[in-house]
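What follows is calculated from the coordinates using simple rules that are stated; it is not laboratory data. As the structure is a prediction and not an experimental result, all values here were calculated from the model. Cβ atoms come from the backbone with ideal geometry, glycine included; neighbour counts cover every protein chain shown.
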Amino acid sequence: MIFHVLTIFPEFFRGPFEHGVVARAVEAGAIRIRIHNLRDWTFDRHKTVDDRPFGGGEGMLLKPEPIFLAAESIWPERKPGQRAVLLSAQGRLFDQAGARRLALEAELLLICGRYEGVDERVAGHLADEEISIGDYVLSGGELAAAVVIDAVARLLPGVLGNVASTVQESFSGLEDGLPTLDCPQYTRPADFRGWKVPEVLLSGHHEQIRLWRRQAALDKTRRLRPDLLAHRDRLKPAPQEQDLAGKEAES
Ligand code: 4HQ
């Protein structure tokens, strides 16, 4: 898969992709990351990429022309499998399902906004979709693009050494087809400053460990991310007390 990033801060991306899974994916040839400087598609002395909003208002916007010219030079004719994504606080929320969907594409162009935003014609007539990584305001789309690349790249075939580790994790741990968070995990020492690892994990009873993990994942999800279970709770009747005490507690 090829990731293209369009940005006014190309240096920003020297760091994030030089470590860990993404760096190894690049070295192994499983992905390519091409950083494009938006100012390369400006033709005035000052390499102007921004302008004032029509109708007045605070701050500056990225002009449409350099962004369209950049996209048209990266992809002279748009082929299927080439998807342009605008990172924006107004976009559809990015989640694991969104990452899996983007991982099916051949090439992504991630367009990073700066200043107060981007001329709306980029969202309307260039980008295939507008994505937000969360309900907070960033100072630019660069961090969001790095997040999307990381989440998508690790799903690609041959990127993670351990293929199984992608299925067991947070937001992919399927409970009746619905997501729960990853279960709590511990490593040595078994007693750290008096905080002990749950006994069952040291017991070697694989079936008991499996049940404990499932319950602990559900408990923690209910405590920290009740929103993830709300859908499930609406579909299933509330469990009875005796069910909870039972071996296969279906909470
Ligand atoms: N932005 N997820 C870029 C974001 C954002 C987000 C605000 C996008 C600033 C210039 N991007 N503009 N949240 O907060 O992707």
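General observations
- Look at S88, S132, S139 and count the other Cβ atoms within 10 Å of each Cβ; fewest to most, that gives S139, S132, S88.
- A Gaussian network model of the chain, with springs between Cα atoms under 10 Å, assigns the largest mean-square fluctuation among A23, A230, A190 to A190.
- Stretchable slack from L202 to D51, in nm (0.36 nm times residue separation minus alpha-carbon distance): 48.1 nm
- The label point for Q96 and the one for R225, both projected 7 Å from the Cα toward the Cβ, are 0.6 nm apart.
- Part-to-part distance (alpha-carbon centres) for the stretch 93-119 and the stretch 6-34, which is given in Å: 16 Å
- Span from the the stretch 221-239 Cα centroid across to the the stretch 60-78 one, whole angstrom: 44 Å
- Going from the residue with the fewest nearby Cβ atoms within 10 Å to the one with the most, L138, L156, L102 rank L156, L138, L102.
- Estimated inter-spin distance, R32 and I209, nm [label 7 Å along Cα→Cβ]: 4.4 nm
- Estimated FRET transfer efficiency (M60, D150; beta-carbon r; R0 30 Å; 0.05): 0.55
- Theoretical FRET efficiency, 1/(1+(r/R0)^6), r = Cβ-Cβ of I74 and D135, R0 25 Å, to 0.05: 0.25
- The chain: most fluctuating residue of G81, G117, G56 per GNM, C-alpha cutoff 10 Å: G56
- Top of L218, L160, L235 by mean-square fluctuation, Gaussian network on the chain, Cα under 10 Å: L235
- Placing a pseudo-label 7 Å from each Cα along the Cα-to-Cβ vector at D40 and E116 gives an inter-label distance of 3.0 nm.
- Rounded to 5, the percent of DSSP beta bridges in the chain classed as antiparallel: 25 percent
- A DSSP coil position with no more than 13 other Cβ atoms inside 10 Å describes the following chymotrypsin sites (Phe, Trp or Tyr not before Pro) in the stretch 26-99: F43, F54.
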